[in-house]
Amino acid sequence: MTDRDRDHTANETPDGGDRGLEPGRPKDCPLAPGSSSRQVKPLRTWTLVDDDATVTVPHTWNDADAVDGTTGYEKTTKRYRTTIQPPSEDDRRLFLHFEGANRTATVEIDGESVATHEGGYTAFTVDATDHVRSDEPTPVTVTVDNTDDADVPPLGGDFTFYGGLYRPVWRVETADVHIDATDHGSAGVFVDTPVVSSDRARVRVRTTVVNDRSVPVDAELSHRVLDAAGNVVTTISESHAIPAGESDVFDIGCLVDDPMLWQPDEPYCYSLDTTVAVEGDAVDRLRSTFGIREFAVEDGRITLNGEPIALRGTSRHQNMAGAGNALSNAQHAADVDRIAATGANFLRLAHYPQSHALLDAADEAGLILWEEIPVVNEVTDSTAFVENSRRMIREMVRQHYNHPSIGIWGFMNELFIHTDADDEAAVDTVREQAAGLDELLRTEDPSRPTAMACHYDEAYAEAGLTEIPDVLGWNMYVGWYYEELDAVGDVIDEWFDTGPEQAEMVSEYGAGADARLHTHEPTAWDFTEEFQSEFHRQHIAAFDDRPELAGTVQWNAFDFSAPIRDDTIPDINQKGLMTYDRQPKAPYHLYRAWLSDDPTIHIATRNWDRRAERGVAHPITVYSDLESVELTVNGRSVGKQAPGDGYTATWEISLSSGENTLVAEGHTPDGTTVTDRASVQLIPFDVAATDDIPEQGLSINVGSHRDFVTDDRLWASGGPYDDRGWGHVGGTTESSLDRINGTDAIPLYQHWVDGLDRYRLDLPEGSYRLELGFCELVHDDPGQRVFDVTVGDSVLVADFDLVDAVGPSTAVSFDTTVTVDDDPLFVDFAASAGTPLLNTLSVDSI
Ligand code: GCB
């Protein structure tokens, strides 16, 4: 197949696509929404030249290596090649619209370099008209580069800088008199609502019309305002004579009586049908969506349509399991659905502009957005860096101007994370750039408040930065990076200035969790779902008590890829309320209870549905916004509780061996009964009581207070030998969150018992397979820890030196078979250097 054939058969098939994604519909092209006079085709199929591979755009080359547990990911330059068809008629114009290429893209058409775009999060459009062959397909090569570049924000950050043509690419053909298609990647129609009230609104539309003919034209521009049902509300038009080869700005407005205002509870969208006509012939046409609404900051609160609104929400990075950042429009929209289902009214697009598909969905869902440019952690004083940041502001604002959901524009995140606050010149540079970006935002869009996010440090106020934006965000990690969790209310009271000039909000707060990890004793940084739940319960209670906060933004809706993270899943920042593949963690439902208008009752045991029987009561947590909730276990009521401020009720109950049926029930004020059902399996780990081992095997997370629940096994938290009939003798428990190689079950190797004498197992008579797991997370050099492990009378390993055998931070396990008669089984440890250790132990009957 030649390139020409490929282009024709795949690229230009409007509903092409081989990844099961939704087809590239012309209406999804940001440069041609709703247009009947533009010809729009998605360019989906490309050849990755150096890899000699055919790929489908959206495409990234880092979808796998960003999260494969190895250090780093491929930062390189790759060339994508395709061909495009000539314009259908000689006088038509041809544009290539790139929704996003990270981070620098150079476009060559027919071998000639025609454009370079720096910055991976905003769209750009190339006028291809003068570069394409008139009678045959023209080759197009796009060189995309995601290597570090000190002139292109972001310079750093806790996220992956995926390389690739990771958002759709479009071929757009227009007439020779058309709406400007090259204004910073925008569609060229800008709708404002300078006067908003429920009686009357003023709508103003600015449009640049370009005359690419060699003769002057009289162009008539008309706009029809349509309501949500498609009825024409009003029509306005104006005619301008435009000289040959020139363009003209049409700035026209109209009044809308009794407008429906856009707001989260009723996200009413109007549309605007724009037509350019020459001598009565419609030559270009676009459909824009807009809303009639007004965001402002008054008396320290954010207002929507004149009323203060408490912003409650979360943040989102644009990547997910399997796709990296090359998401389909449907995947973007599904994320909005997941967030909106919690009842959130706010979403911070941290730390960069995101896909129009997400914004479209937010417009419809009534989610208010804070969108920001990726100036993160630090800046440089290079002119190119400053110019790139400023251009990103123009691109972001112009491309997303009409979206009613955008309430706030952000321009910086946590600049004093990497800027030395004692370096006066550096501080001056940050302040100057912050002031410049803020001012540019106000010039580009006077109608929306500006925002900046800071971390918990005096440096921002001392540098005079805090005065700059309308909305000051504080990224507060009380109970995680600093302070104790129960200090959250006090910290807010001391830290926040809720004075009238600015709105102050908690622009981030969060705690990491792994849905597989559970505990009876949650502590910060143990990555259990139970600590994450308690963290959010306390934050929610503190926020509810402080209505003066302009908003609160949980970090993050979804686990996201972050190369600096080790935690319990390497390369993933685990502060999501959902996992990287979008499975809910328990606190996702806590947010539903807090924010959703629907009555909520949720038994939070879904990810901890297998528990170890060991003679203790088990916490069963229910999230609910109902006044009272009754929990029934196996048909017997264990009592009623009032979930109260933290929307959480927890019962400590005895479960029965095997399957337990849980039913939680409450009533709404109008008497409707709301019920949730779940089941929990109690696995008999009490070997002494049962004189047996669990059918699944006796699997112990030896040095850990965490249960590790996988699809096929419950690894119970460990502990010293006691009357359950198993446990370590001697030694202390230790832990580390360093990166571990050689296993997917990382949480089993992060904790260990150090210096143990033996492990005792009171097993019933029989034959067993015994497996012991080890990992060295303290020493880097051989010879520092050398020990023998003896099982019964046989030496399992002698002079075992983990570093020498497998290297540091590497999991390894050994297994053996043993026969047990009347006596307990002892696994003995003796060191000739350092101390022995043990991470995991598992016994299966054979
Ligand atoms: C922050 C950053 C964000 C990080 C987050 C974290 O303050 O703004 O980019 O991902 O903390 O999880 O540490």
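The values are calculated or read from the model by the stated rules, or taken from the named source; none is laboratory data. Bear in mind that the values here come from a model prediction, so they are computed numbers and not experimental data. We place every Cβ from the backbone using ideal geometry, glycine too, and count neighbours over all the protein chains shown. Side chains included, ligands, DNA and RNA excluded: accessible areas come from the protein's heavy atoms. Shrake-Rupley method; radii C 1.70, N 1.55, O 1.52, S 1.80 Å.
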Legend entry - Test: residue in region 740-749 that is closer than 19 Å to G697 by Cα, assigned to a loop (DSSP other than H, G, I, E, B) and hydroxyl-bearing (S, T, Y): yes
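Keeping to region 184-204, report how many residues are in a strand (DSSP E or B) and over 21 Å from K27 (Cα atoms). Step through it out loud before you land on a result.
Taking region 184-204 as the starting set, the residues that turn out to be in a strand (DSSP E or B) are 189-196, 200-204.
Now narrow it down to the ones that are over 21 Å from K27 (Cα atoms): 192-196, 200-204.
Result for region 184-204: 10.
Just checking, does region 347-369 include any residue being away from the ligand (no atom under 16 Å from the Cβ), within 18 Å of the chain's Cα centre (by Cα), among the acidic types (D, E) and buried (at least 21 other Cβ atoms within 10 Å of the Cβ)?
Quick first cut of region 347-369, residues away from the ligand (no atom under 16 Å from the Cβ) only: 355-369.
With within 18 Å of the chain's Cα centre (by Cα) added as a condition, the list becomes 355-362, 365, 367-369.
Pick out the ones that are also among the acidic types (D, E) and you get 360.
Imposing the further condition that a residue be buried (at least 21 other Cβ atoms within 10 Å of the Cβ) reduces the set to 360.
Checked against the condition, which is being away from the ligand (no atom under 16 Å from the Cβ), within 18 Å of the chain's Cα centre (by Cα), among the acidic types (D, E) and buried (at least 21 other Cβ atoms within 10 Å of the Cβ), region 347-369 yields at least one hit.
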Legend entry - Checking M452 against (1) within 16 Å of the ligand (Cβ to nearest atom); (2) touching a Leu at 6+ places or on another chain (Cβ under 6 Å), the condition it does not meet: (2)
Legend entry - Within region 511-560, tally of residues that are closer than 27 Å to A321 by Cβ, without any contact (Cβ under 8 Å) to a residue 60 or more places away in the chain and part of a loop (DSSP other than H, G, I, E, B): 3
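Condition first: in a strand (DSSP E or B) and either farther than 25 Å from G306 by Cβ or free of Cβ contacts under 8 Å to residues at least 60 places away in the same chain (or both). Now tell me which residues in region 205-216 satisfy that. Even if it seems obvious, please write down each step before you answer.
At the first step, the residues of region 205-216 found to be in a strand (DSSP E or B) are 205-211.
If the condition is that a residue be in a strand (DSSP E or B) and either farther than 25 Å from G306 by Cβ or free of Cβ contacts under 8 Å to residues at least 60 places away in the same chain (or both), then R206, T207, T208, V209, V210, N211 are the ones that fit.
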Inset, instruction - Of all residues in region 756-775, count the ones that are part of a loop (DSSP other than H, G, I, E, B) and surrounded by 17 or more Cβ atoms within 10 Å (Cβ to Cβ). - result: 4
Inset, instruction - Sort through E279, E307 and tell me the only one that's in contact (Cβ under 8 Å) with a residue 40 or more places away in the chain, surrounded by fewer than 20 Cβ atoms within 10 Å (Cβ to Cβ) and either of a type outside the set (A, V, I, L, M) or in contact with a strand residue (DSSP E or B) (Cβ under 6 Å, 6 or more places away or on another chain) (or both). - result: E279
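Restricting to region 509-522, give me the number of residues that are open to solvent by less than 70 Å² (accessible area, probe 1.4 Å) and away from the ligand (no atom under 16 Å from the Cβ).
In the first step, residues of region 509-522 are kept if they are open to solvent by less than 70 Å² (accessible area, probe 1.4 Å); the result is 509-519, 522.
Checking which are away from the ligand (no atom under 16 Å from the Cβ) leaves us with 515-519, 522.
Final tally of qualifying residues: 6.
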Legend entry - Evaluation of A463 against (1) within 14 Å of the ligand (Cβ to nearest atom); (2) more than 21 Å from V397 (Cα to Cα) (one fails), failing number: (1)
Inset, instruction - Examine region 586-596 for a residue that is crowded, with 22+ Cβ neighbours inside 10 Å, within 16 Å of the ligand (Cβ to nearest atom), in the same structural domain as Q318 (by TED's automatic domain parsing) and of a type outside the set (K, R), and state whether such a residue exists. - result: yes
Inset, instruction - Keeping to region 123-153, report how many residues are of a type in the set (V, I, T) and under 16 Å from F95 (Cβ atoms). - result: 7
Inset, instruction - Quickly run through region 530-571 and pick out the residues that are within 11 Å of the ligand (Cβ to nearest atom) and not polar (S, T, N, Q). - result: V553, W555, D559, F560, A562, I564, R565, D567
Legend entry - Of all residues making up region 356-377, the number that are assigned to a loop (DSSP other than H, G, I, E, B) and either closer than 23 Å to A228 by Cβ or not assigned by TED's automatic domain parsing to the domain that holds F560 (or both): 2
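Which is touching a strand residue (DSSP E or B) at 6+ places or on another chain (Cβ under 8 Å), assigned to a loop (DSSP other than H, G, I, E, B) and hydroxyl-bearing (S, T, Y), of S88, S134?
Result of the check over S88, S134: S88.
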